[in-house]
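Structure first, commentary second.
The values are calculated or read from the model by the stated rules, or taken from the named source; none is laboratory data. These numbers come from a predicted model, not from an experiment. Please note: Cβ atoms are built from the backbone with ideal geometry, for glycine as well, and neighbour counts cover all protein chains shown. Note: areas computed on protein heavy atoms with side chains; ligands, DNA, RNA excluded. Shrake-Rupley method; radii C 1.70, N 1.55, O 1.52, S 1.80 Å.
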Amino acid sequence: MKEIYLDNAATTAVLPEVADAMRPYYTEIYGNPSTLYSIGQKAKRALEESRNEVASAIEAEPKEIYFTSGGTESNNLAIKGFAYANSKQGKHLVTSVIEHHAVLNVFHELEKQGFEVTYLPVDQYGLVELETVRKAIRHDTILISIMLANNEIGTIQPLKEIAALAGKRGIAVHSDAVQAVGKIPVSVKEIGVDLLSLTAHKIYGPKGTGALFKRDGVKLAPLFEGGHQEKILRPGTENIPGVVGLATALRFATNELDTEAANLSTLRDRLENGIISRIDHVTINGHLQHRVPNITSLNFAFLEGEALLLALDTKGIAVSTASACSSGSDEPSHVLTAIGLDPVTARGTLRFSLGINNTSEEIEYVIDVIAEAVEQIRQFSPMR
Ligand SMILES: *Cc1c(COP(=O)(O)O)cnc(C)c1O
């Protein structure tokens, strides 16, 4: 059976070029970059060259890049690290209700520790309105954290405008850009953020490696005590193969961005149009313009998304109900309820996230399979 992977927002296959670039750092150049002999210094050079590449991909300075274990750690370090280091200036923080759990749960924890958090609502398309940001800002607000692209519906936030608003009031801005990097141009200079998280495994790099951009001068408290690595902000022996993998994946993503974005949006549009023309009562969640090219969230009335997911799995097609992190829980997606779907309707949603390995033949096959599966499931649906 053909395997068709349409869950690239959950994770991606590692590109062969990326795996090749990483391999020597496991078996040959395995030295500890903190050592003074050649094999350690070679590893150190790879670390710093990777830092240069990551910096240039997002228009940052190399000294503003800190390597971490991924998006979750970068978000924790940015948000907790900023809150702890700057709490004398105020204890009020702002975020949105549709953030990834790697942001939301950080804020929940900070609330337990005495910080106050405002969770901004979004409109029916999943967009944060500038006016709600303006209204949420208080004299003691120190940080605003808004994701650049949403992982369930793909909506892109007006981050540049939010950062401009915050900047005027001396408030720092963090963005979880995990789903945006490699899909749309991301320049920290252009957007004007102070902190930005990214991860390798959503852009054809290895799992367990990410980076945090920290604008020079922004104060963060480290979350771990340890050695002097990453200017003591992130102690621990550096994951050189991972870092090389991240830099290689990011270089590929940046070089190929325009071509890939055009390919992905063509495939996505065909998938949407094919499904909508063949099946009644299907709607698209999110914003039709302000969105990344690879994600579409489709709502199928009168069925459970999980039933459709399992039916597709029997045909070798991998898709997701909401985000990978919410599957297995009984709660409807917090993103879908935030854009106004009632819990029952929300359950009829599937997320398709395309990747560079998908082909138009695959998409045609998927459309056929879905049309058939939806008809079958609806026939026996008590929700009808
Ligand atoms: C995947 C994801 C994360 C978590 O990144 P990890 O590298 O898996 O820790 C954070 N935020 C968003 C938006 C994501 O999609």
Q | Filtered trypsin sites (Lys or Arg not before Pro), the range 221-298: DSSP coil and at most 11 other beta carbons within 10 Å | A | none
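Counting only heavy atoms of the protein chains, get the accessible area per residue of the chain (1.4 Å probe) and round it to a whole Å² value.
43 Å²
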Q) So how strong a dipole does the chain carry about its Cα centre when Lys and Arg Cβ are +1 and Asp and Glu Cβ are -1, to the nearest 20 debye? A) 1180 debye
**Q.** Total formal charge among the other residues, if their Cβ is under 15 angstrom from that of residue 32, Lys/Arg +1 and Asp/Glu -1
**A.** -1
Q: Using a cut-off of 10 Å between beta-carbons, work out the net charge of the residues near residue 334 (Lys and Arg +1, Asp and Glu -1, residue 334 not included).
A: -3
Q | Candidate lysines - alpha carbon under 23 Å from residue 315, same-chain residues fewer than 8 apart omitted | A | 2
Q: Mind checking which aspartates and glutamates have their Cα closer than 14 Å to the Cα of residue 91? Skip sequence neighbours fewer than 8 apart in that chain.
A: 109, 111, 116, 140
Q.
Which residue, 271, 177, 226, has the largest displacement toward the positive end of the dipole of the chain when charges sit on each Cβ (Lys, Arg +1; Asp, Glu -1)?
A. 226
Q | Within the accessible area of the range 34-128 (1.4 Å probe), percent carbon and sulfur | A | 49 percent
Q) Once amide H atoms are built 1.01 Å from N in the peptide plane, which residues 5 or more positions from residue 317, or in another chain, come under 5 Å H to H? A) 4
Q: Determine the calculated [θ] at 222 nm for the chain from helices alone, applying -39500 (n - 2.57) to every DSSP H run no shorter than 4 residues and normalising by the residue count; nearest 500 deg cm²/dmol.
A: -12500 deg cm²/dmol
Q: List the equivalent ellipsoid semi-axes of the chain in whole Å, largest first, each obtained as the square root of 5λ for an eigenvalue λ of the Cα gyration tensor.
A: 35, 27, 17
(Q) With unit charges on the beta carbons (Lys and Arg positive, Asp and Glu negative) and the dipole taken about the Cα centre of the range 231-384, which residue among 382, 340, 235 sits farthest to the positive side? (A) 235
Q. Considering only Cα-Cα distances, which of the following residue pairs are longer than 22 Å: 63/189; 183/231; 80/214?
A. 183/231
Q: Could you grab the relative contact order for the chain? Cα pairs under 8 Å, six or more apart, rounded to a whole percent.
A: 23 percent
Q: First measure r as the distance between the Cβ atoms of residue 225 and residue 34, then evaluate 1/(1 + (r/R0)^6) with R0 = 22 Å and state the FRET efficiency to the nearest 0.05.
A: 0.85
